[in-house]
Structures are given as C-alpha cells and as structure tokens.
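First up is the structure itself, then whatever we jot down about it.
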Amino acid sequence: AWDHEHAFPRWHRRRKRVRGVVFLRFAGVFGVMALLVVGGMAALAFLLTRLFGAEGGRAAALVWVGGCGLSLALPLLAVGLALRAFRGIATPVADVMAAADAVAEGDLSARVEVPAHGPDAFGRLAESFNRMAEELERADQRRRNLTADVAHELRTPLHIIQGNLEGVLDGVYQPSEDHISATLDETRVLARLVEDLRTLSLAEAGQLPLGREPVDVVELLEDTRTSFSGPAESAGIELRLKVDGAVADDGGSKAVVLGDAGRLDQVLGNLMANALRHTPPGGAITLEATTYPDTVCITVRDTGEGISPEDVPFIFDRFWRGDRSRSHAGGAGSGLGLAIARQLVRAHGGRIGVESVVGAGTVFAIDLPIAV
C-alpha cells in the first residue's frame, strides 16, 4: 500500500496543522455557545431572586441547580458535537484546503483522502479535487517532456550549422556550394520543426484557423496519389487507390466532408510520408475511401515493417519514432507528423486510429463526418 504520510511528510504536516486549526474553530464556536447558555441561566436566576425575593429564591435555586448541571453537560455536548461536525464536515474541508494550498505552492502530488463516511457531497468534492490535481500533474509532466524534446530536436541542426560556419571562418572548409547547401538544409529542418510545433500547439488549443468548405474525399485521395506517385516509383513501391465505396451510381461522389482541404491534405501527406518511410521496395501502399450513413472512412494501408504492440499506444505522441537511432538525415521525420495528423483530424470532428502487425504492415483509419 502507498504510504502517503512517509512519502510526503510536508503535505502530511500541513494537513494536520489545517485540521487542528479548523477543529479549534469548531470547538471555540460550540464552547462560546455553551458559555452563553450558562451565563443566561445565571442571569435568569439573579433576576428571579431580585424580583420575587424569598419566593423567587426557590426558583432561583432550581435555576442555579439547572445551570450547574448545564455547565457540566453543555461543554461535553459541545465537544461531542464539535467532534462529530469535525469528522463529517470540517475534516474533508480542511483536507481540501491543505491540498489546495500545497498545489498553489507547486506540490502537484497533493491528494485528498476520500472520506468513507459522511455526506456524499464531500466525497465527490475530494474525488473532483484529486482528478484536477492528477490532470495538472500530467500537464506539467507533458510540458517538461515537451521542453526536453524540443531542446533535443533543436540541438542537432544547430550544432551542424554552427560547425559548418565555424569551419568556414577558421579556414577548415571552403565556402563551397556543398557546405552552403548543407547549412541551408539544416535551416530548413529548423524552420519545418518550428512550423510543426506552431501548428500542433494551435491545434491542441483549438485556435488553428480552418477554412471550412465541402471537400470531395475522392478528389483528395487522387491528388494525394498524384503528389506521391513520383517518390513511390523511385522507392519501388506500388501506389493503389480504391474508392468503390465512395462513388455514387451516377458517377458522382458520396464522400463529401466539410473541412479545410489544405489541412486534410496535410494529414494524408503525413500518413503517406510515414508509410513510404517504413515500406520496403516491392511493397504497396493503398489509399481507400468507404462511406457509411454518417461518416466516410479513409484508410492508408501499407505492407511495411509494422509497429510493435508496445509502441502502438505512443505513436501519436510528440517526437515519437519507431527507430530512435534514426536522424533527420537518415530519413526520419521530426516526430511530429502523426501528432499533428491526430489534432487536425480532431479539429474536423473526426477520429484517427491505427492497427499494425509486425512484418505485415500498418493501417491508419480516419473517420470524418459526412457533410449534410
């Protein structure tokens, strides 16, 4: 079992301190109420004695006896009520207060113990707070990972550019066309990486501008095949197109979606580039569109090396690469293509998924709502 007290002693001390403060406040409120009742009884006895003299003395004596009894019973009752209220109400509130203070100071590991007994509202409050803290902790970890990944990706092209320029200045290299071209290629890598990061951040924030218009999916796939026919032929890969399920009986297209044609073309371009990179010569890549009552499904199927099952859950993460040893020069992309594809598909109200078998190939499927 997780020992929260020993794992986070600072948070535990804060929780005990806040609980103590809240308990003292509750006990103080009930104590003041008890003192007010006893004082009221004493004042009533005094008034009876002054008003009725001897006859009032008996009543005063009864009042004094009752007051003495209440002076003992009320504090005990006050303590009991304070403890009950503290356990049922004050403890969950105190825990949330302490955890909120800890999160505000940067301790995102703070969690609230869900009360086993007490009002359901406090249990839901504790669960909601814990979910919020977990989300903040994950977001902070993603931010740290992104910062580290960006620094790692920028380091290589910057070192190459710096080395080439220093070599030219020191006379080691001549400012030939080859060295200038190599340096220019690295600047293009940097520019592409920065643009990909910008696109991804805007898409994740829901601020990426999309020019929505009717887009014929069949024409989109045909344009994609035309664009990649040259690289596919050079790599010895057959490029196929299947649109039987997306063509109407009259020859028109049933697969029309409302979206940004340029962004959808970017999605298919990222998937095609990924398929070409991982399909050996002699293999095939198939673009297919199939319509359903409410959606159109676009698939990009290759006969490449496939993706191992342990890597499948991470392929849409930033900077993920199946082969970590590859560099940009070795043919690998920036590691942002699939992450951008997922965000662009989501921005169009669609879904993207993947199925893969090692040694048999990979299938990326995109579901987009049909335009009404």
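What follows draws every value from the coordinates through simple rules; no lab data is involved. Quick caveat: nothing in here was measured; it's all calculated off a predicted structure. Please note: Cβ atoms are built from the backbone with ideal geometry, for glycine as well, and neighbour counts cover all protein chains shown.
For the reader, a short list of remarks on this structure follows.
- Alpha-carbon Debye profile of the range 184-244, log10 I(q)/I(0) at 0.13 Å⁻¹: -0.66
- Interatomic Cα distance distribution for the range 159-317, bins of 5 angstrom, percent: 1, 7, 12, 13, 14, 16, 13, 8, 6, 4, 2, 1, 1, 0, 0
- Amide H to amide H, with H built 1.01 Å from N, Ile237 comes under 5 Å of Gly282, counting only residues 5 or more places away or on other chains.
- Treating r as the C-beta distance of Asp265 and Leu169 and R0 as 41 Å, the FRET efficiency rounds to 0.45.
- Under 5 Å between amide hydrogens, built in the peptide plane, is the criterion, and for Thr295 it picks out Ile370 among residues at least 5 positions away or on other chains.
- Under 12 Å, Cβ to Cβ, from Val363 - net charge with Lys/Arg +1 and Asp/Glu -1: -2
- Taking packing as the residue-averaged number of other Cβ atoms within 10 angstrom, the listed peptides 99-111, 297-309 run from highest to lowest as 297-309, 99-111.
- Binning the alpha carbon pair distances of the range 160-210 at 10 angstrom intervals from zero yields the distribution 24, 32, 19, 17, 8, expressed in whole percent.
- Efficiency of FRET from Cβ geometry, Val114 and Ser181, R₀ 56 Å, rounded to 0.05: 0.35
- Equivalent ellipsoid, the range 124-223 (semi-axes from 5 times Cα gyration tensor eigenvalues, Å): 40, 26, 8
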